[in-house]
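Peer 1: The following block contains the structure, expressed as structure tokens.
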Amino acid sequence: MGIFRTAVIATALLAAPTLALGQAPEPAPAVPTADRDAEVDALFSAYATLETPGCAVSAARDGQLLVERGYGSANLEYDIPITPVTVFEAGSVSKQFTAAAILLLAQEGRLKLGDDIRKYLPKMPDYGRPITIEQLLTHTSGLRDWGDLAGFMGWPRTTRAYSQDDILEIIRRQRSLNYEPGAEYSYTNSGYNLLTEIVRKASGQSLADYSRTKIFAPLGMTRTAWRDDFHRIVRGRAAAYQRIGAGYQELMPFEDGYGNGGLLTTVGDLQTWNQALASNTLGDLGAQLERRGVLSNGARIAYGRGVLVQAWQGLEEVGHSGATAGYRAWLARYPAEKLSVAVLCNASDANTVPLGRAVAALFLRPPPPPTETVPLRNPAALAGMYVNEKTGRPLVLVAGASGLSVSGAGPLYPLTADSVRFGGDVIAFQEPGVFVLRTLEGGRYIHRRTPHWAPTTEQLLDFPGRYHSDELDVTYRVTLDAGQLSLKLENRTLPAIAMGAMYQDAFNLSGNLARFRRDKAGKVTHLRLGSARVRDLVLRRIG
């Protein structure tokens, strides 16, 4: 197939005044239309053919369209091109719409953000301290993520159809939290599925119906709806795909649970939404969404209510990314520049955040010069495995010719003689063998250097047995064969997972964590499983 692209180009580029943080206003750069189009095309060139899935992209300033284009195929079986009006699923970009419904209900006096969620969800367990609606909005509830829990049950997302009731049952079965409500930030889809139910209880309508009457219809978002029934036919929807070898296979979200994700929309409708927030069409809803969460210790985090508020290239960026099955999404606005960018893709290998920011950069003045950095002091002495005191998850730092890197995650960039940048986070080295990871969202996690453990076969004999979780109602069997420990879920045909020793009594499970607990006599009594969004899921030894 030849290259295919569609475009709707604004007739003029509006040079609106801009204001970067701490800088005087300057005019936005004037980019010739032809050059701008070519640069956007270049960014999405990997998807500019009907032989691959692709993306739709839109940029607007102060509600005026700058560029809106489509690349690739919406359906690989029928060679249907992606256009600016193609419908995609927006993943976690959806969360801000769930949050907006909650905030509108609060304005109507039907709920309070400080309410205990059990006022609306009485079947939720009593964790000893109330979880508030506000904490669900800001991911500070401590709730485990239901998707990670489903994986431990042997049914990861996309492998079976999950209804909203299925999801609620998984959440309600949990008798423990990751941490005390309000103490930390930890991203979890569970909170937003619960918010969907709170909208139903407070309004008497489903989130789908309430959003349609209060948000989508008033704003003219005619191609936007919730995927509350995955059987429903959606006109103009792109199928979602993941890359397999040199080709692709379909990867659709067969779920009726929504609110955490599940928004069906277009780049044009997302621009309508961002402009409504920027122009206060819905009152101060934009400011309400941007209000960043506060932890119980008074620390303010970067996550607001369904959006992340952070600095990028000297500007405030209000945005969110999304990923569900093979769909990828990103929506952001830069209030000082009145710029909004939306990217929706149906390819799981599309990295929408750098793509979207690269589009934004075309319409922003050049970023401020980088701050001069100081070389990291003696990086070779800092290499080793460091274990998070709260989660038990390790980070392995590797020293090489170009400096320090995190094993499996990429390079670290020096900031000072004793600190480095790790993505959007900062690692600060303190006393020997200790560093503090400060996350973009406001977390502070102490990591201690821990020796790697190489157990003998005799030591591994402590672990084989059967371990049961009441919270998931599953049983795992740990076996030892030819010096290799493996973990297998009973009553399922899934293959066993090899357990790689990391540190004393702790093992790697394909990126997840397994730790064994012993009694005072040294006998192994429990197995604790963990993931990025689940801490210490306890399984007791039953044989």
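Peer 1: Give the stretch 328-352 a look and list any residue that's of a type in the set (Gly, Ala, Ser), in a strand (DSSP E or B) and over 17 Å from the mean Cα position of the chain (by Cα), or say none.
Peer 2: 340
Peer 1: Return only the number of the condition from (1) touching a Lys or Arg at 6+ places or on another chain (Cβ under 7 Å); (2) under 22 Å from residue 440 (Cβ atoms); (3) among the small types (Gly, Ala, Ser) that residue 286 does not satisfy.
Peer 2: Failed condition: (1).
Peer 1: So, one more: For the structure I just gave you, tell me whether residue 424 is farther than 29 Å from residue 516 by Cβ, outside the structural domain of residue 510 (by TED's automatic domain parsing) and in contact with a Leu (Cβ under 7 Å, 6 or more places away or on another chain).
Peer 2: yes
Peer 1: Can you confirm whether residue 110 is in the same structural domain as residue 294 (by TED's automatic domain parsing) and free of Cβ contacts under 8 Å to residues at least 40 places away in the same chain?
Peer 2: Taking the combined requirement at face value, the residue does not satisfy it.
Peer 1: Name the single residue that is surrounded by the fewest Cβ atoms within 10 Å (Cβ to Cβ) among those in the stretch 348-375 being modelled with pLDDT of 95 or more and in contact with a Ser or Thr (Cβ under 7 Å, 6 or more places away or on another chain).
Peer 2: 353
Peer 1: Within the stretch 311-320, does at least one residue satisfy the condition of being within 23 Å of residue 142 (Cβ to Cβ), surrounded by fewer than 23 Cβ atoms within 10 Å (Cβ to Cβ), at pLDDT 95 or above and under 20 Å from the mean Cα position of the chain (by Cα)?
Peer 2: Yes: the stretch 311-320 contains one or more residues that are within 23 Å of residue 142 (Cβ to Cβ), surrounded by fewer than 23 Cβ atoms within 10 Å (Cβ to Cβ), at pLDDT 95 or above and under 20 Å from the mean Cα position of the chain (by Cα).
Peer 1: Let me ask another. Here are 479, 493: which of them is of a type in the set (Ser, Thr, Tyr) and under 31 Å from the mean Cα position of the chain (by Cα)?
Peer 2: When all the criteria are applied, what remains is 493.
Peer 1: Specify the residue that is nearest to the chain's Cα centre (by Cα); the eligible residues are those in the stretch 279-290 that are surrounded by fewer than 18 Cβ atoms within 10 Å (Cβ to Cβ) and not β-branched (Val, Ile, Thr).
Peer 2: 287
Peer 1: Same structure, new question: Look at residue 442 and say whether it is among the small types (Gly, Ala, Ser) and at pLDDT 95 or above.
Peer 2: So residue 442 does not fit the description; no.
Peer 1: Would you mind stating whether residue 215 is of a type in the set (Val, Ile, Thr) and either within 13 Å of residue 324 (Cβ to Cβ) or not in a helix (DSSP H, G or I) (or both)?
Peer 2: no
Peer 1: Of the conditions (1) part of a strand (DSSP E or B); (2) more than 20 Å from the chain's Cα centre (by Cα), residue 361 satisfies every one except a single condition; which number is it?
Peer 2: For residue 361, the exception is condition (1).
The values are calculated or read from the model by the stated rules, or taken from the named source; none is laboratory data. Since the model is a prediction, treat every value here as computed from it, not as a measurement. All Cβ positions, glycine included, derive from the backbone under ideal geometry; neighbour counts span all protein chains shown.
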